[in-house]
Structures are given as C-alpha cells and as structure tokens.
Amino acid sequence: MTTPEPQSPPPQPPVPVSKDRIYRSPAGLAGGVLLLALALWLGIDAVVAGEGRTPWTALAALLFLVPLIAAYTVRPAVFANDDRLRVRNPFRVIVLPWGQVASFRSGYSNEVFTEAGDKYQLWSIPVSLRGRKKAARQEARRASGGGRGRGGLLGGLGGGGARTDVAGAGAVVDGPVRAETDKVMDELKELAEARKPANTSQGEVTVRWAYEVLAPVAAGVVLLAVLLGTG
C-alpha cells in the first residue's frame with residue numbers, strides 16, 4: 001500500500017500592510033444615537049400601547065426609519081491605509097486603490113475623484129463652514145501676532161484600527177490654521193500622493209450597494225403603503 005501524501009494547508013489570505021485609519025463624524029454619531037433612541041421609544045410605545053392597526057403601522061414605520069436613520073448618521077465612515085481608500089456611505093461601499101484616486105475636492109462637501117472621472121462624496125467628513133470661518137479668524141489673529149494657531153490631531157498615526165474623529169483634540173501646529181475636516185482632507189491627499197505609485201496600491205475601483213440597508217427600508221415602505229392604503 002502507498003502512504004497518502006500529507007495535504008498542504010490552504011493558503012492564508014494576505015495580511016494587510018497597514019491597519020485602517022478610521023474617520024467618522026462625532027456630531028453625526030451623537031445625533032444618530034439620539035434619533036434612534038427617540039424613534040425606538042416612540043415606536044415601541046405605540047406597539048405596546050396602541051390599538052387596532054396602530055401597532056402594525058408603528059412596526060412598519062420602525063422598519064423604514066431605523067435603517068434609514070442609521071444609514072445617514074451611524075453608518076458613514078472613511079477607512080484609509082497604505083493600499084486603498086474605502087468609503088462607506090449611506091447606501092454604498094466604495095473601495096478605491098490609491099492608484100485610481102485622481103484628486104480630492106472640498107467645497108460644500110468633501111469628494112474624491114477617480115482617474116476615470118467618477119465622483120464619490122465622503123459622507124463621514126462633512127464640511128463645516130463655521131469651522132472654516134473660525135480657523136480664518138484664528139489665522140488672522142495669529143498673523144497679526146495676537147495668538148498661536150491650534151489644530152486637531154490627524155488620523156491614526158502609528159495606531160492600527162484607532163478611530164480618528166474629524167473634530168479631534170487640539171495641538172499647536174506650524175503653518176496656517178485649518179478647520180478640522182480640511183486637515184483630514186489634507187492628510188488624505190498626502191497619503192494618496194505618497195502611495196499612488198506603490199504596487200500594492202493598484203487595482204480596480206469597486207462599488208457595492210448596501211442591500212442590508214436598502215432591503216428593510218424598501219420593505220418598510222411597502223408595508224406602510226399597504227397599511228395606509230387599506231386603512
């Protein structure tokens with residue numbers, strides 16, 4: 001009899017070169033948690049204490065509202081490492097290798113452009129016009145000798161998986177005073193420029209729809225339409 005040859009273990013997936021820096025909006029998270037708590041409180045109260053069709057209408061409203069609120073407040077995040085940028089927006093997840101990133105733009109919203117000309121909004125890094133005005137006033141005072149500029153700590157330096165809020169703690173910096181979200185965009189631009197030529201930063205842009213959000217929202221809309229239409 002021949003002895004069977006030992007089976008080699010299956011190949012393991014490659015280990016990422018660096019861990020993600022995560023950018024989220026603290027104001028969005030706080031507002032989302034409050035809205036979710038309010039919706040659940042009112043909805044559960046209607047389910048428990050309601051009469052007739054009220055409990056079913058409340059359940060349908062919860063099925064529609066809870067995923068929608070979470071999608072626009074809690075879900076958005078931007079993940080960046082040495083190989084790619086991953087943008088988690090309310091209804092889509094976009095993965096952009098740095099080799100495919102052409103530029104960033106900050107106007108009334110923060111956006112990333114691909115080499116193919118596609119544009120994607122960075123929902124979790126909102127533009128603060130108030131923050132820009134405040135930074136401009138601080139820069140004017142500093143330029144006139146009235147004070148030193150302060151800025152926030154930027155994302156995840158040396159720390160794997162650490163969350164970076166876009167309204168971080170202050171630190172004395174050299175150079176012009178910038179709003180927190182503008183400094184985050186500056187960091188992403190620098191990372192894109194530095195990593196764009198790397199072999200590990202090449203690949204295709206991928207876009208995945210968030211069906212885990214869209215499915216319950218659509219089901220809630222249909223259920224609400226049926227209940228209200230037959231009421």
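The values are calculated or read from the model by the stated rules, or taken from the named source; none is laboratory data. Just so it is clear, the structure is predicted and the values come from calculations on it, not from any experiment. Don't worry about glycine lacking a Cβ; one is built from the backbone with ideal geometry, like all the others, and counts go over all protein chains shown. Accessible surface areas use protein heavy atoms only, side chains included; no ligands, DNA or RNA. Shrake-Rupley method; radii C 1.70, N 1.55, O 1.52, S 1.80 Å.
Structure data summary
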{"quantity": "Set K134/K196; K19/K119; K19/K133 screened for pairs whose C-alpha atoms are more than 31 Å apart", "calculated": "K134/K196; K19/K133"}
{"quantity": "FRET efficiency, 1/(1 + (r/R0)^6) with R0 22 Å, evaluated for A27 and A116 via beta carbons", "calculated": "0.10"}
{"quantity": "Percent carbon-and-sulfur accessible area, region 67-108, ignoring ligands, DNA and RNA, probe 1.4 Å", "calculated": "52"}
{"quantity": "Sequence ranges 23-36, 72-85, ranked by mean other-Cβ count within 10 angstrom, highest first", "calculated": "72-85, 23-36"}
